[in-house]
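**Q** I am attaching a structure below and will ask some questions about it afterwards.
The values are calculated or read from the model by the stated rules, or taken from the named source; none is laboratory data. Quantities reported herein were computed from a predicted structural model and do not represent experimental measurements. Every residue, glycine among them, receives a Cβ derived from its backbone with ideal geometry; neighbour counts consider all protein chains shown.
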Amino acid sequence: MNYRLELRKISKSFGEVQSLRDIDFQVGQNEVVGLLGDNGAGKSTLIKIVTGYHQPDRGEILFNGKRVEHLTVTKARQLGVETVYQERALADQQTLWRNIFMGRELSHRFGFLDLKTMKSETNRLMLESMGFTSAAVNPESIIKTFSGGEKQGVAIVRALHFRADLIILDEPTMGLSLQETRKLLEFVRDIKGAGKSAIFIDHNVFHVHSVADRVVVLDRGTVAGEFQTKDITLDDLMEKMYRVAQTGSLE
């Protein structure tokens, strides 16, 4: 199978602490993979390796079947990896269009900012991808007036607009209301609808089970289990998570 991302026997230590040990992890084309595990399970370290922030001590990283040596943050982004953090990732005091194009502004051939194109493109994204139909929201709207779920949606749409192939969602529902969470989960489903892939990290098993095609459970730096969500009920998954937390094993 040609995976969008594949980690083979990845290990990483920090001094005497081994954060990851012989991790095998894959994300398929057009697949949402849920990443679950208690604090200290190794989720953050794994993601920092995928995004090029940390280098593994050993193991292989492959994108679209091709091995990548010395993955860096810049190289990961060039390979189509984007991370959507909690809503703090946006500039609250800036307008919607500025947040969409922040760091990637469009310009005319003479170097001046192409404001017209950026605003019209933002307006198109609002209507087609973000679901903003209210006249109260426009490209000049200030981000701080948006709900938490809407802010997360803006970040996801921004990543898709700039052709991200693998979007990492790091605890995206934290601090969101039920209604905002529902909107956020719709945006996660839209990632797959756009033919892209995602890694969805969340403490809430219910949220992960509702949008992920597959769930990978980490425990103390190893893969404790892997399940197709269509083959496991939410109750069974929660029971297995509880067993892992208590014993470190699914047996």
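Condition check ((1) part of a loop (DSSP other than H, G, I, E, B); (2) within 30 Å of Leu127 (Cα to Cα)) across all residues:
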| site | (1), (2) |
| --- | --- |
| Thr173 | yes, yes |
| Phe187 | no, yes |
| Lys192 | no, yes |
| His203 | yes, no |
| Val215 | no, no |
| Ala224 | no, no |
| Asp235 | no, no |
| Lys240 | no, no |
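**Q** If you scan the stretch 198-224, which residues turn out to be crowded, with 21+ Cβ neighbours inside 10 Å and on the phi > 0 side of the Ramachandran plot?
**A** Within the stretch 198-224, just Gly221 meets the criteria.
**Q** Cβ-Cβ below 7 Å, separation at least six or inter-chain, first residue in the stretch 207-229 and in contact (Cβ under 8 Å) with a residue 60 or more places away in the chain, second buried (at least 19 other Cβ atoms within 10 Å of the Cβ) and acidic (Asp, Glu): which pairs?
**A** Every condition considered, the pairs that remain are Val208/Asp202; Asp213/Glu31; Arg214/Glu31.
**Q** Given the criterion under 20 Å from the mean Cα position of the chain (by Cα), among the hydroxyl-bearing types (Ser, Thr, Tyr) and surrounded by 15 or more Cβ atoms within 10 Å (Cβ to Cβ), identify the matching residue among Thr95, Thr72, Thr83.
**A** Among Thr95, Thr72, Thr83, only Thr83 is under 20 Å from the mean Cα position of the chain (by Cα), among the hydroxyl-bearing types (Ser, Thr, Tyr) and surrounded by 15 or more Cβ atoms within 10 Å (Cβ to Cβ).
**Q** Filter the stretch 78-121 down to residues that are in contact with a helix residue (DSSP H, G or I) (Cβ under 6 Å, 6 or more places away or on another chain) and aromatic (Phe, Trp, Tyr) and give me whichever is farthest from Leu5 (Cα to Cα).
**A** Checked the stretch 78-121; the qualifying residue farthest from Leu5 (Cα to Cα) is Trp97.
**Q** State which residue pairs qualify: first residue within 14 Å of Leu125 (Cα to Cα) and inside the stretch 145-159, second residue surrounded by fewer than 24 Cβ atoms within 10 Å (Cβ to Cβ) and of a type in the set (Gly, Ala, Ser) in any location, beta carbons under 6 Å apart, and separation of 6 or more residues or different chains.
**A** Ala155/Ala89; Val157/Ser129
**Q** Mind listing whichever residues of the stretch 224-240 are among the basic types (Lys, Arg) and under 23 Å from the mean Cα position of the chain (by Cα)?
**A** Lys230, the sole residue that qualifies.
**Q** Next question, about the same structure. Can you pull out the residues in the stretch 46-57 that are buried (at least 19 other Cβ atoms within 10 Å of the Cβ) and free of Cβ contacts under 8 Å to residues at least 40 places away in the same chain?
**A** Answer for the stretch 46-57, where residues must be buried (at least 19 other Cβ atoms within 10 Å of the Cβ) and free of Cβ contacts under 8 Å to residues at least 40 places away in the same chain: just Gly52.
**Q** Is it fair to say Thr233 is among the polar types (S, T, N, Q) and either modelled with pLDDT of 90 or more or closer than 18 Å to Thr173 by Cβ (or both)?
**A** Yes, satisfied.
**Q** Okay, moving on. Need the failing condition index for Phe110 against (1) in contact with a Leu (Cβ under 8 Å, 6 or more places away or on another chain); (2) in a loop (DSSP other than H, G, I, E, B); (3) more than 18 Å from Leu166 (Cβ to Cβ); (4) not charged (D, E, K, R), just the number.
**A** (1)
**Q** A follow-up question, please. Test Gln26 against the stated conditions and say whether it is outside any loop (DSSP other than H, G, I, E, B), in contact with a Leu (Cβ under 7 Å, 6 or more places away or on another chain), surrounded by fewer than 22 Cβ atoms within 10 Å (Cβ to Cβ) and not hydrophobic (A, V, I, L, M, F, W, C).
**A** Answer is yes for this residue.
**Q** From Leu160, Leu169, Leu176, which residue is closer than 24 Å to Lys43 by Cβ, of a type outside the set (Gly, Ala, Ser) and over 12 Å from the mean Cα position of the chain (by Cα)?
**A** Of the residues listed, the single one that is closer than 24 Å to Lys43 by Cβ, of a type outside the set (Gly, Ala, Ser) and over 12 Å from the mean Cα position of the chain (by Cα) is Leu176.
**Q** Show the residue pairs meeting these rules: Cβ distance below 7 Å; 6+ apart or different chains; first residue within the stretch 115-144 and part of a helix (DSSP H, G or I); second residue surrounded by 15 or more Cβ atoms within 10 Å (Cβ to Cβ) and modelled with pLDDT under 75.
**A** Filtered contacts from the stretch 115-144: Met126/Phe132.
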